[in-house]
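Please read the structure below before turning to the comments.
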Amino acid sequence: MSTTERKSLVESIKDKGKNLEAEMSFFDHLEVLRWHLVRSVIAICIFAGLSFTFYDFVFNEIIMGPKSLNFWTYRMMCLVGNKFNIDGFCVEHIPFNIINTELAGQFMLQINSCLLMSLLLGFPYILFEIWLFIKPALTDIERRSARGFVFYATLLFVLGVLFGYYVVVPLSVNFLANISLSIEITNQITIDSYLSTIATLSLGCGIVFLLPILIFILSKLGIMTPEFMRASRRYATVIILVVAAIITPTADVITMLTVATPMFLLYEISILVSAKVKKQKLAQEKNNI
């Protein structure tokens, strides 16, 4: 065997070894991901079981809460209306009945609502599993800069859900229920429509409140800069209003602006987050020089 053939054989063996090592690394990552997914599913099942155990409270106090005149938001609206003599601000009647039109409707309501509650309660743990999966791929500097990711993401999501549930949902329910085109029309709302409205508004606001986290990630990747965000304020305003109109299923301008206002604040906070990331990058580059 010639020297050239021997070198070619050695190189091919090395390449084969590298490929095998890469394949093993890929399957090892799949195995790690599988266990993260398994633990997340187990956590969701546990929270679903807890929701099922305390379903009377979940249904009567949480799901049916925005339909009750004793709901916290309606009581605060009445206090403000009475104190400042604002006519029509106090909610005195929510004219609609909830009905079930399917044989398995109430059974599926219990299943779906328990799953929704488990996703809400398990969101911090799911974020924690995501962090554990991506953490080994980060450098020490990236780990330090991303410290508190789970805490801040959970905090923003919870604030968004609470804002959606206690502000957007009751305003939307009150507005839609009191629209009357004719006395001949009676509002008979299916339980699926009612549950989907509450879930969409609450979860939608929770996801929207994660905007600073998204901007932080994009800024770390160099995709987003504070200069670009400041220059794009007018376009961001239009996008925020469109998103607020999509989230709120009402034609009420006040409700839409109520949703849009915290989104404007989140956008400004996101600019500060992006500016801080840029400042850290510049400081790091100076230290490396």
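Against the condition over 30 Å from residue 277 (Cα atoms), open to solvent by less than 50 Å² (accessible area, probe 1.4 Å) and assigned to a helix (DSSP H, G or I), how does residue 109 come out, does it pass?
Yes: the conditions hold for residue 109.
For (1) modelled with pLDDT of 90 or more; (2) of a type in the set (A, V, I, L, M, F, W, C); (3) in contact with a Ser or Thr (Cβ under 8 Å, 6 or more places away or on another chain); (4) crowded, with 17+ Cβ neighbours inside 10 Å, each residue gets a yes or a no:
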{"site": "158", "(1), (2), (3), (4)": "yes, yes, no, no"}
{"site": "161", "(1), (2), (3), (4)": "yes, yes, yes, yes"}
{"site": "170", "(1), (2), (3), (4)": "yes, no, yes, yes"}
{"site": "175", "(1), (2), (3), (4)": "no, yes, yes, no"}
{"site": "180", "(1), (2), (3), (4)": "no, no, no, no"}
{"site": "186", "(1), (2), (3), (4)": "no, no, no, no"}
{"site": "194", "(1), (2), (3), (4)": "yes, no, no, yes"}
{"site": "198", "(1), (2), (3), (4)": "yes, yes, no, yes"}
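Filter region 50-71 for residues that are open to solvent by less than 40 Å² (accessible area, probe 1.4 Å), over 23 Å from the mean Cα position of the chain (by Cα) and farther than 18 Å from residue 118 by Cβ and give the result.
Passing the criteria: only 71.
Look at residue 150 and say whether it is within 21 Å of residue 128 (Cα to Cα) and part of a helix (DSSP H, G or I).
Spelling it out, residue 150 is indeed within 21 Å of residue 128 (Cα to Cα) and part of a helix (DSSP H, G or I).
Residues that are farther than 30 Å from residue 285 by Cα, open to solvent by less than 50 Å² (accessible area, probe 1.4 Å) and among the β-branched types (Val, Ile, Thr): does region 142-152 have at least one?
no
Give region 77-104 a look and list any residue that's loosely packed, with under 14 Cβ neighbours inside 10 Å and assigned to a helix (DSSP H, G or I), or say none.
Within region 77-104, 79, 80, 82, 83 qualify.
Go through region 112-147 and count every residue that is of a type outside the set (A, V, I, L, M, F, W, C) and outside any helix (DSSP H, G or I).
2
In region 99-137, which residues are more than 27 Å from the chain's Cα centre (by Cα) and among the hydrophobic types (A, V, I, L, M, F, W, C)?
99, 103, 104
Scan region 172-188 residue by residue and report those that are over 23 Å from residue 205 (Cα atoms) and touching a residue at least 24 places away in the same chain (Cβ under 8 Å).
Passing the criteria: 178, 180, 186, 187, 188.
The values are calculated or read from the model by the stated rules, or taken from the named source; none is laboratory data. These figures come from a predicted structure and were not determined experimentally. Virtual Cβ from ideal backbone geometry, glycine too; neighbours counted across all protein chains shown. These area figures cover heavy atoms from the full protein model, side chains too; ligands, DNA and RNA do not enter into them. Shrake-Rupley method; radii C 1.70, N 1.55, O 1.52, S 1.80 Å.
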